[in-house]
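Data first, discussion second: the structure below is written as structure tokens.
The values are calculated or read from the model by the stated rules, or taken from the named source; none is laboratory data. Just so it is clear, the model here is predicted, and its values are computed rather than measured. Backbone-built Cβ (ideal geometry, glycine too); neighbour counts: all protein chains shown.
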Amino acid sequence: MEAIEDNMGTAAHDLTTLEHKEKALARYKMERDWFAFLLEAAGGMDTPEGKLQVKLLTILLDSKEKVISSVMNDTPFVAAYYCTAPEILNAMNLPWFMIMETPFLAASAPYLLDDLRGAEEMGMGTDLCSAIRLPMYYIESGLMPVPSAVVGLLSPCDGTTMLQQVLQHNPAWKNVPLFAPDPPYTSDERAIRYFANELRTMVSFLEEKTGRKMDMHRLREVCEESNRTYKLWQEYNELRRAVPCPHGWEIGGAQAFAVSQCFVAGDPRCTDWFQQLLECGEIKVKEGRGANEYFPEKIRILWFDIMPYGWVFEFMPWLEQEWGAILVMDMFSNFPYTLIDTSSEETMFHDLAKRNLMDVPMIRQARGTAENFSSDITRMVKDYKIDCVIWPGHMGHKDGAATAGIMRETCRGLGVPFLHIGLDLFDRRYTSVEEVKDKVSEFFRGMGLG
Amino acid sequence: MTAFDDHIRQVTEFVATMRQQGRPVRQFALPNDANHLRAGLPIQVGAGANPGIILRSDTFVELGNPDAGSCGFGLWTENPSLLEDGRVTLIGPDITESPLGSLPFGQVVMVGGAGLIADDQVAIGQAQVVADQIEGYMVRSSSRNIWSRVSKRVGARGFSFDTLARSLMFLIKSALPKVESVEIAFVTSSKDDLLTLNQIAESAQAIGRAALKEHWKARGYDLDCDLHCGSCHDKTVCDDIRKVVATRLRKDKEALGDDAQ
Amino acid sequence: MGSSANGTKLISVCGKGGTGKTVFTAMMTRALLDSGRAGRLLVIDADPALGQLSALGARVTRTMGQIREDIIRTARRGDRDEKAEIADKVDYMVFDALSEMDGFALLAMGRTESLGCFCPVNSLLRSAIETLSKSFDTILVDGEAGIEQINRQVTQRLDTLIIVSDPSARGMETAAVVKDMVEREKIIECGKMGIVFNRVTGNEQLLEDSARRLGLPLFGLIPSDPAIAEYDLAGTPILQLPTDAPGPRAVRNVVETCLLA
């Protein structure tokens, strides 16, 4: 990995534009190098799952290289989110990165704790979600490349809304054009049409601010490819209903979410990855092989949030090894997505709006009314033969915290044990890994699981 | 009158319309008694009856692929006389008539019981999520539509809509003793025919969501807290005042700009 | 409102109900005026019950609450031109609500009748107060209804927050909560914050220790003064208290050492 630049500790306000660019680029490359390291490690795994990891990391690295190239060559690139119709960005040939990329994708990186400490030293409240705090810190420290434009996010929580305000007050970012599609409160046809219009406005905004033009034929191609990807994902998800589940936390699952939405949406490489994932899974299902060949499946878990990426390597393998507990399904791996009708421009925007408003994880549950917490858990518990539901209780989830009671009641109605832990998915200091393990163990024991 | 009585009538009218338009409409009567429903079935029905999953390669018939069309919803009434207990209506080809095919799929499950109340809606909805309870039949894990597979193994045994209807009726009556009558309509004729059914579905689902909200409210949970701007009848006041605030900000900026000059 | 921008000092008084905030604020008004260093002084009575008015011997013709009602009414029923005019009129409306007293001005927040949040209306009025406050050197807010209300309706930033407590556990608990709201929850931005114990009848050392335990600088100890109780009971404006009475003397000391130093 590249050495950290000397001025890493300098706040963004004190940097010149060039210094800022160099500092941010150095940091972005450092993260790229972290994934390159993981790719190298995965390359040594001569298994179908290993090959999947290699393919995934290759796609990820390619998207990162595109951003790096854009920074270095001063060509347009965008900061956006997985839930702001990434198909549109692909169709407009716009490289992009997720503002919350590090917590969502690279929280296992060795520098993450230093970053969290840096955020605290900067005075950021520790009651703020770490997934928000980290990008705030990167922005304020000049560690995030300044894009040509920003597509903001105003749901599901106040934290994401606040992040846009941070951008608008930061000297390096305040003049970067920003458009945040406005998510309506309801989830009916009127809401979908409204949000479709927001996406159209977003396209106009991107055209104006980046110079890249939208070609509807290209959008159709991308959406059709996206549909192919999603059909395979749907098929793969059925495999995880098998007992034993063919894959655990490491494969499929949340990776599927990342490949379909976080790197480049509607890309044949992603479809190819899913095809491989599906084939790999089908073989295991036919052979009756479970996720972990050494530790047979005893407990089937629904983890109803993103995985604890800040300490995932210390916790998830332990679950499997200590308890035979397999993460069969989680919030981000769940597939409720509708396919995009590509018959016209109108139907494409309509269905992209529907997908990004009502289907994508976390937005689906926490933007709308709380019924999705209940209905999604009910469906997943039944379909995936779940033995217990775990709501991690991430400290930043004020949006979801109020629904813990609804989830508990739902699980009670289903006759399935429910555990609410209380932790930070990215910061191991909040609730130590050992404490989480103790709570989970006590829960399993108390509920007679495993 | 229960909230869905009108929808039940609409479904009846839909069937009549389909008949008038020349669609193949078949109706048959199944036993009323839950236990008799399972008699002679070529499959197992009940908890754990379908422990495995049905892979693509094992599929005899696919029902409700989004490309083919899908519409699934449930209705209930406290007036069981609105329904003919045990009646199954099939519009379009049967499963046995479409081996290795992919059919559009509409499924309307109508449930009646004098003792049914709005609070039973959750249980009625849950009873229709069959999960692993019908051997050789897997409803795919897709929340927005009903999309299912019949395995080759049970297809070879003659799994048909008769089988599916008996299974569903048995499961519902077993899970909900208050239910006195169950009637089911299946539509496999065309995607266009499902569009009409979808209109009834959307209206019913809106009522269902409202009832669900009340159900949770009675338990002390507000699914849709009304304390938000979207549900406030004075939202337009705030919208107008926001424009006023924006106007003032613009004027302030202009004034600052003038001062600077 | 930001003192750094135009030099205006913003001071607010908060604390548990019944600890004597209103009287303390009135005495502070006197002390600020007598110091000759407060400049142009604006007192904002953020008590919905307008408690500060009698303490200061003042009357107002209009409150901010009434202006708020007018704006909401116009936004609800007015035509387009009337709504657009709000942007220009609101400053005049707020200015009109100002009462000129002997040496200071008074603005009363009053109560609001309309149910509902109307956050944009609060923002609009808050910005109008901000515009008005640029004409003053010192602004003193009697925060009877709490700092959340001050943040919502008056200002988002203070130079000094004085938490008034009496020598009771409940008073100090409230002080701790206010401190927490400011420091941890950042309900309002605050330059400095301290505690004043009111109605002190001895045990000064204990109270100093309590302040230390709370983590709040002790701004002052105001002795229990029978004269204050007499004036209060008789409805005589607290402003008219003899300046050498123990209460006003102690408050003067707070003003001199903590605000004007």
Count, please, the residues in the stretch C:200-220 that happen to be under 30 Å from C:ARG152 (Cα atoms) and in contact (Cβ under 8 Å) with a residue 24 or more places away in the chain.
7
Mind counting the residues in the stretch A:291-346 that are of a type outside the set (Asp, Glu) and either in a loop (DSSP other than H, G, I, E, B) or within 14 Å of another protein chain (Cβ to nearest Cβ) (or both)?
31
For the stretch C:16-47, which residues satisfy the criterion of being under 11 Å from the mean Cα position of the chain (by Cα) and within 24 Å of C:GLU130 (Cα to Cα)?
C:LYS21, C:THR22, C:THR25, C:ALA26, C:MET28, C:THR29, C:LEU42, C:VAL43, C:ILE44, C:ASP45, C:ALA46, C:ASP47
Does A:ARG228 satisfy the condition of being away from chain B (no Cβ under 14 Å), surrounded by fewer than 20 Cβ atoms within 10 Å (Cβ to Cβ), assigned to a helix (DSSP H, G or I) and not aliphatic (A, V, I, L, M)?
no
Residue set B:GLY115, B:GLY106; condition away from every other protein chain (no Cβ under 13 Å) and either assigned to a loop (DSSP other than H, G, I, E, B) or of a type in the set (Lys, Arg) (or both); output residue B:GLY115
Any residue at all in the stretch B:158-165 that's within 14 Å of another protein chain (Cβ to nearest Cβ), under 18 Å from the mean Cα position of the chain (by Cα) and hydrophobic (A, V, I, L, M, F, W, C)?
no
List pairs: first in the stretch A:62-76 and more than 15 Å from A:ASN90 (Cα to Cα), second among the basic types (Lys, Arg), Cβ under 7 Å, 6+ apart or cross-chain?
A:ILE68/A:LYS29; A:ILE68/A:ARG32; A:VAL71/A:LYS21
Exactly one of (1) within 13 Å of chain B (Cβ to nearest Cβ); (2) in contact with a strand residue (DSSP E or B) (Cβ under 7 Å, 6 or more places away or on another chain); (3) of a type in the set (Phe, Trp, Tyr) is unmet by A:TRP391. Its number?
(1)
Scan of the stretch B:167-176 for residues that are in contact (Cβ under 8 Å) with a residue 60 or more places away in the chain and more than 22 Å from B:PRO104 (Cβ to Cβ), ordered by number
B:MET169, B:PHE170, B:LEU171, B:ILE172, B:LYS173, B:SER174, B:LEU176
Please determine whether any residue of the stretch A:157-173 is in contact with a Pro (Cβ under 9 Å, 6 or more places away or on another chain), more than 25 Å from A:ILE340 (Cβ to Cβ) and β-branched (Val, Ile, Thr).
yes
Among the numbered criteria (1) within 14 Å of chain A (Cβ to nearest Cβ); (2) under 29 Å from the mean Cα position of the chain (by Cα); (3) modelled with pLDDT of 80 or more, which one does B:LEU197 miss?
(1)
Restricting the first residue to the stretch C:162-183 and requiring it to be modelled with pLDDT under 90, which pairs with a second residue that is in a helix (DSSP H, G or I) and polar (S, T, N, Q) meet a Cβ separation below 7 Å and a spacing of at least six or different chains?
C:MET172/C:SER210
Does B:ALA29 count as in contact (Cβ under 8 Å) with a residue 24 or more places away in the chain, away from chain A (no Cβ under 11 Å), of a type in the set (A, V, I, L, M, F, W, C) and touching a strand residue (DSSP E or B) at 6+ places or on another chain (Cβ under 9 Å)?
yes
Residues of the stretch C:51-75 being loosely packed, with under 14 Cβ neighbours inside 10 Å and either facing chain B (nearest Cβ under 10 Å) or more than 22 Å from C:ALA108 (Cβ to Cβ) (or both), which ones?
C:ARG73
So, in the stretch B:222-241, of the ones that are within 13 Å of chain A (Cβ to nearest Cβ) and modelled with pLDDT of 80 or more, which residue ends up nearest to the chain's Cα centre (by Cα)?
B:LYS235
With criteria (1) under 20 Å from A:PRO95 (Cα atoms); (2) of a type outside the set (D, E, K, R); (3) not in a helix (DSSP H, G or I), A:PRO183 comes up short on (1)
Options A:ALA265, A:ALA242: the member that is surrounded by 22 or more Cβ atoms within 10 Å (Cβ to Cβ) and closer than 17 Å to A:ASP62 by Cα:
A:ALA265
Hey, does the stretch A:402-412 have a residue that's crowded, with 18+ Cβ neighbours inside 10 Å and outside any helix (DSSP H, G or I)?
yes
Odd one out for A:ASN372, checked against (1) closer than 21 Å to B:ALA210 by Cα; (2) more than 11 Å from every other protein chain (Cβ to nearest Cβ)
(2)
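Per-residue answers, yes or no, for (1) at pLDDT below 95; (2) closer than 21 Å to A:VAL433 by Cα; (3) touching a Phe, Trp or Tyr at 6+ places or on another chain (Cβ under 6 Å):
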{"residue": "A:TYR294", "(1), (2), (3)": "yes, no, no"}
{"residue": "A:ILE306", "(1), (2), (3)": "yes, yes, yes"}
{"residue": "A:GLY310", "(1), (2), (3)": "yes, yes, yes"}
{"residue": "A:GLY324", "(1), (2), (3)": "no, yes, yes"}
Filtering the stretch A:231-245 for residues that are within 10 Å of chain B (Cβ to nearest Cβ) and either over 20 Å from the mean Cα position of the chain (by Cα) or of a type in the set (A, V, I, L, M) (or both) leaves a count of 6
Looking at the stretch C:175-195, is at least one residue at positive phi and in contact with a helix residue (DSSP H, G or I) (Cβ under 9 Å, 6 or more places away or on another chain)?
no
Output for the stretch B:120-151, where each listed residue is of a type in the set (Gly, Ala, Ser), facing chain A (nearest Cβ under 8 Å) and more than 19 Å from B:LEU212 (Cα to Cα):
B:ALA131, B:SER141, B:SER142
